[in-house]
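Q: Dropping a structure here in structure tokens format, bear with me for questions.
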Amino acid sequence: MSARRKIIVAAAQMGPVQRNHTRKQTIDRMVVLLNQAADRGADIAVYPEAILTPFFPHWHIEDEQELLGYFEDSMPNGGVQPLFDAAKDRGVGFSLGYAELTEDGRRFNTQIMVSGEGEIIGKYRKIHLPGYSDPRPHEPVQNLEKLYFEVGDLGFPVWEAFGGRVGMSICNDRRWPESYRVMGLQGVELILIGYNTLMHVPAMAEVDHLQSFHNLLSMQSNAYFNGTWVVAAGRAGVEEGISQLGQSAIIAPSGEVVAQAYTDGDEVITAEVDFDACNIFKKYMFNMREHRRPEHYGLISAPVSETWDAGELLDTQPVSGR
Ligand code: CDT
């Protein structure tokens, strides 16, 4: 019988990154968290989405130079090098979300996977960008990801890494079953997710009280449906007056939460990931070859123009959850 494949994973939740915090202060906090994870034997630590700066899509930034100040034009770079050095020093990998500016001026909401040798071994660019591209001055908080970022162009790859099959997704992706499924179809065993989730979304305030429920609901159900571990790290606390969910979690392929953050600040949670705990789900209930019926799922991958239009409904009926 082959040896079981087990690693220790960490979610490195982070409290607010305020506008007056320097990159260095933020990186220093991240190194502290990486060392805590290492002290607990972690093989990899996952950080929240775009965590090197405040989550700037919540503001309308008209000055191009100011906007570009939130982006990284290379990775690693001098600012984040201490994190890469700490990873190599402690032999702990990490997954980092940041705003990426490419050489040809394209902007993406990106997450990378870095090995315990401090080498970048995977990159994902966020596909499900929430919000809108037209600023809404009448609302207290903006969701301008569609203005600031392009839709990711790298798909949902899965890498042989850390002893298993590992994929990544970013924040709003975690609410879309398709993102997990595309990785599930590649045999994913561990999905690393960084996120920033608002506690108050003006356009859908009626469901504000369900933010924590929907966070776990999305990740627990999709972990189970695909027989995969999920490690999710959120930004927490009040950043520039805006409350963020936190509730970072590590979820087993059974859908059970095995570790969850309880603070609204910097906090490391860890759990042992047994990749072979995925097998029972992949082999029986969710055996993708035996039981899926993709010949009946055509609409799933049809162009959005062919799918049902919620706009028609919204024009004629009030939006109410109750
Ligand atoms: N960062 C991010 O993707 N946040 C979204 C908020 C959407 S509000 C319309 C989320 O899914 O949590």
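Each value in this text was obtained by applying a stated rule to the coordinates, not by laboratory testing. Since the structure is predicted, the reported quantities are computational estimates derived from the model, not experimental observations. All Cβ positions, even for glycine, are placed from backbone atoms using ideal geometry, and neighbour counts span all protein chains on display.
Q: Please list, ordered by chain and number, the residues whose modelled amide H lies under 5 Å from the amide H of E49; skip anything fewer than 5 residues away on the same chain.
A: Excluding prolines and chain starts, which carry no amide H, the hits are Y195, N196, R235.
Q: Starting from the exponent 0.38 and prefactor 2.2 Å, build the expected Rg for region 178-322 from its residue count and divide its actual Cα Rg by it.
A: Values: Rg = 17.9 Å, N = 145, 2.2 N^0.38 = 14.6 Å.
Rounded to two decimals, the normalised Rg is 1.23.
Q: Further question on the same structure: Relative to the compact globular guide of 2.2 N^0.38 Å, what is the alpha carbon radius of gyration of region 64-201, as a ratio? Present the calculation step by step, with values, prior to reporting the outcome.
A: On the way: Rg = 15.9 Å, N = 138, 2.2 N^0.38 = 14.3 Å.
My calculation over the Cα atoms of region 64-201 gives 1.11.
Q: Taking the Cβ-Cβ separation of D85 and H138 as r and a Förster radius of 51 Å, what is the calculated FRET efficiency to the nearest 0.05?
A: On the way: r = 46 Å, r/R0 = 0.90.
That gives a FRET efficiency of 0.65.
Q: Report, in whole Å, the centroid distance computed from the Cα atoms of region 115-164 and region 68-83.
A: Cα centroid of region 115-164 versus Cα centroid of region 68-83: 16 Å apart.
Q: Report, to two decimal places, the Cα Rg of region 19-65 normalised by 2.2 N^0.38 Å (N = number of residues).
A: Values: Rg = 14.1 Å, N = 47, 2.2 N^0.38 = 9.5 Å.
Normalised by 2.2 N^0.38 Å, the Cα Rg of region 19-65 equals 1.48.
Q: Taking the Cα atoms of region 3-92, what is the range of coordinates along each of the three principal axes, in descending order and whole Å?
A: Principal axes ranked by extent give 55, 24, 22 Å for the Cα atoms.
Q: Considering only DSSP beta bridges with both partners in region 110-260, what is the antiparallel share in %, to the nearest 5? All intermediate terms of the calculation are to be shown ahead of the outcome.
A: Details: 20 of 31 bridges.
Antiparallel bridges make up about 65 percent of those DSSP assigns within region 110-260.
Q: Considering only DSSP beta bridges whose two residues both sit in the chain, what percent are antiparallel, to the nearest 5?
A: Details: 36 of 55 bridges.
Percentage antiparallel, nearest 5: 65.
Q: What 222 nm value per residue comes from the helices of the chain, counting each DSSP H run with n ≥ 4 as -39,500 (n - 2.57) and dividing by all residues, nearest 500 deg cm²/dmol? Spell out each step's value before the answer.
A: Numbers: 9 runs with 76 residues, N = 322.
Calculated at 222 nm, the ellipticity per residue is -6500 deg cm²/dmol.
Q: What whole-number value in cubic angstrom gives the convex hull volume per residue for the C-alpha atoms of the chain? Let's see the in-between values first.
A: Working: hull volume 47.7 nm³, N = 322.
It is 148 Å³ per residue.
Q: At q = 0.15, 0.18, 0.26 Å⁻¹, work out log10 I(q)/I(0) for region 1-43 with the Debye formula, treating every Cα as an identical point scatterer and leaving solvent out; two decimals please.
A: Ignoring solvent entirely, the Cα scatterers give -0.49, -0.61, -0.91.
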